[in-house]
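Structure, as structure tokens:
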Amino acid sequence: MEDFLYFFTFQDPSITWVVLGIMLLGIGSAYVGTFSFLDKKALLGDAISHAVLPGICLGFVLAGEKDPRYIVTGAFLSGALATFLSSWLKQHTKLSEDSITASILSVFFGIGIVALTAIQKSGNPEVAGLNSFIFGNAIGIAEADLFLYGGLSMAILLVLSLFLKEFRLMVFDPGFGKAIGFPMKGIRFVFNVLLILAVVIGIQAIGVVLMAALLITPGAAARFWTDRLQPLLLLAAFFSILSGILGTYVSFVLPQMPTGPWVVVFLSLIALLSFIFSPKSGIIRRFLARRNYLRKTHKDHLMKALFKAKEAHKERLTLEEIHALYPFHKKEITHSLQELTTQGLVLQDSQGIRLSTQGNSDAMRIVRLHRLWELYLNESMNIAPDHVHESAEQMEHLLTPELEAQLEQRLNYPTLDPHQETIPRDTP
Amino acid sequence: MTFDSNAFLIIFTGALIAISCGFLGVFLLLRKMSMTGDAISHAVLPGIVIGFFVSGSQRSLEVILGAGLLGILSTLMIDALRKKAKVQLDASIGITFTLLFAIGIILINLFAYKVDLDQECVLYGEIAYLPIDLWITSSGLNLGPRITWLAGVNFFLILGFTYFLFKELSITSFDEQFSSAIGIPSKGINLALMSMVSYTTVSSFESVGAILVVALLVVPPSTAYLWTKSLIPLLRLTATLGILIAILGYYLAYWIDSSIAGMMVAVAGAFFFGSALIKGNWPLGLRGTSKSSPAFDS
């Protein structure tokens, strides 16, 4: 608890710096990453983050020490080369996007390892710090470097916010953007520059391999909560900040723990929770919706069977007769029967199962919808009578009362369906 | 430039690993699952660490089991995110492998006092120490380098895997629905392929490192794919490339005194970009007057 207070009151300036740094990096990459996620190019960021390694080594060799300016420039250049190569390969060869990404990623990383090993064997004492690029070292960011990285991060945010409309076009409808006169190639170029910048500065904190998480995961998680772009970006940034702070806190309390991996674990946790519990499109929500729909169809089928029996002047059906109609859904039929009985739509007695008055009217509606839809398909869509049943079998569960009224009106309150069966209505 | 028994052993082992990875990589490429291979090679890290922690040795069965399980787990997780949670494929891959890799690094730090497992060693290995690392039986019999044996066993496993499941692998790669229709368990074949990928990753990570395994899985098949489309030539060309990469990689690394595995990848990259330059569809103006047929297949 003491640790908690000490950490979250930010008494220690070094904690403030680290948290501030992680937050700035996180927001920048969450913004850029959300765009590339929506663009379905999420793994390009992963390729770039592996591909900056040769550039980092080159910058180190040229500067002779760990000068962030050289390293950022070198990293940027090799990231840019990787981006250019991957779009060139995409356009000019028959290779699929994922094999291009994987090839670029591993080749650049391999070259980076060659350079890194060569530098290490050269015996330069400064070389120890270079490894921190591979695994990241959030705590190790010096205050002076923070201004460079923070400044770049702010620049990314600024450009993205100023040209929000252009980037939105690039992601959602580049063809339309081109047609109304936007320079789509230029916009994509600027976006790639921003993406590479975000990767280059993010790597400092989180390392080559885990950088992809900072780009992809916040956007993917936020996508489960909203459909609109601006809330999406804000939410992604918020997730990123939250996990940044939590990750730093863990590595503050347990000093042997690295910050970057914990940030990623918290981010993924947020993402997984969103996937499961999101009220919009989460797994649980969709599972329940599907289950309810299936239950409704089974209940509808049962009532339809009873109604049709009644049409054939058979007041009751036994359970065995119903089972014979739906031989593959015995369990579901039993379940629906229980539910319908408790709802008072179906009555059971010693001679069998029959519909109650209310149940009769409900069942009639289902059959009516089925036959109305068949007639509609036959008359308005010119579909042969022997082809309309399948579609009606689905629509009978879905048509709303409003649509029913429209169908009735349009077909002028018909009495017979294409199979010459009566369309049943409640007599007023 | 020397050629002694050590050089031969390293090149031989490198070629074995490159060919095994390449064979699996061809099928990954045809299934458009190259990035899944990449994800698996990152995601096995926690399995390696746990296996290492349990057995206390890098060479134990537990490590291979742990990595294999994690490889399958990551495939299942990618699949579940995509199908159950409806996350797009690239994001499912990204989320899965970063999470598992992060857990792996956390575990390394957690067990740092108890196990001597270096994260760098896992990531980029070192094939140059191979001749020193000998397999000596308890009776003192020297059987030669351990990693060469490991690579050899792996090579024959993968050779057997592709040979016996060749029909199944190719049909599921080209037409999954047809294969299901004629009764091939395409999901099972897929899982088998993924477990082979994880097994290869773990048996090669000591020598070439987890990330460079990806390069050998992806780059030679992609290079070969630029030259041919038929499956058998694709496999042959991939194997040839694997051998060339091992030889050139060794001597270039020897020459500038650097990582052999890294250099193998760099050589593979050179072949890849060279082939792309030759076989890429150039704009009409640059294609010149060569008689090669214009590319209809873009």
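Numbers below:
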read-out	value
Residue among A:E315, A:E390, A:E402 that is without any contact (Cβ under 8 Å) to a residue 40 or more places away in the chain and in contact with a strand residue (DSSP E or B) (Cβ under 6 Å, 6 or more places away or on another chain)	A:E315
Single unsatisfied condition, A:Q256 versus (1) in contact (Cβ under 8 Å) with a residue 40 or more places away in the chain; (2) within 20 Å of B:I108 (Cα to Cα); (3) surrounded by fewer than 24 Cβ atoms within 10 Å (Cβ to Cβ)	(1)
Residues being more than 14 Å from chain A (Cβ to nearest Cβ) and closer than 23 Å to B:T240 by Cα - total across the range B:199-224	3
Selection count, the range A:411-428, where residues are of a type outside the set (D, E) and surrounded by 12 or more Cβ atoms within 10 Å (Cβ to Cβ)	8
Single match in A:F172, A:F147 (criterion: under 22 Å from the mean Cα position of the chain (by Cα) and exposed (fewer than 14 other Cβ atoms within 10 Å of the Cβ))	A:F172
So A:L105, is it without any contact (Cβ under 8 Å) to a residue 60 or more places away in the chain, within 11 Å of chain B (Cβ to nearest Cβ) and surrounded by 18 or more Cβ atoms within 10 Å (Cβ to Cβ)	yes
Counted residues, the range B:223-244 - those being within 16 Å of the chain's Cα centre (by Cα) and either aliphatic (A, V, I, L, M) or within 18 Å of B:L193 (Cα to Cα) (or both)	6
Looking only at the range A:220-270, and only at residues there that are over 29 Å from A:S14 (Cα atoms) and in a helix (DSSP H, G or I), the one that is farthest from the other protein chains (Cβ to nearest Cβ)	A:Q230
Selection count where residues are farther than 13 Å from A:K299 by Cα and surrounded by fewer than 12 Cβ atoms within 10 Å (Cβ to Cβ), scope the range A:325-343	2
Flag for B:L212 being closer than 15 Å to B:L24 by Cα and either of a type outside the set (S, T, Y) or over 16 Å from the mean Cα position of the chain (by Cα) (or both)	yes
Helices (runs of 4 or more DSSP H) wholly inside the range B:1-100 that include at least 3 residues being touching a residue at least 60 places away in the same chain (Cβ under 8 Å), within 13 Å of the chain's Cα centre (by Cα) and surrounded by 24 or more Cβ atoms within 10 Å (Cβ to Cβ)	B:5-30, B:34-43
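One line per residue, one yes/no per condition, for (1) at pLDDT 85 or above; (2) β-branched (V, I, T):
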residue	(1), (2)
B:N6	no, no
B:G14	yes, no
B:S20	yes, no
B:V26	yes, yes
B:L29	yes, no
B:I64	no, yes
B:L70	yes, no
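The values are calculated or read from the model by the stated rules, or taken from the named source; none is laboratory data. This structure is a prediction, so every number in the text was calculated from the model and none was measured. All Cβ positions, glycine included, derive from the backbone under ideal geometry; neighbour counts span all protein chains shown.
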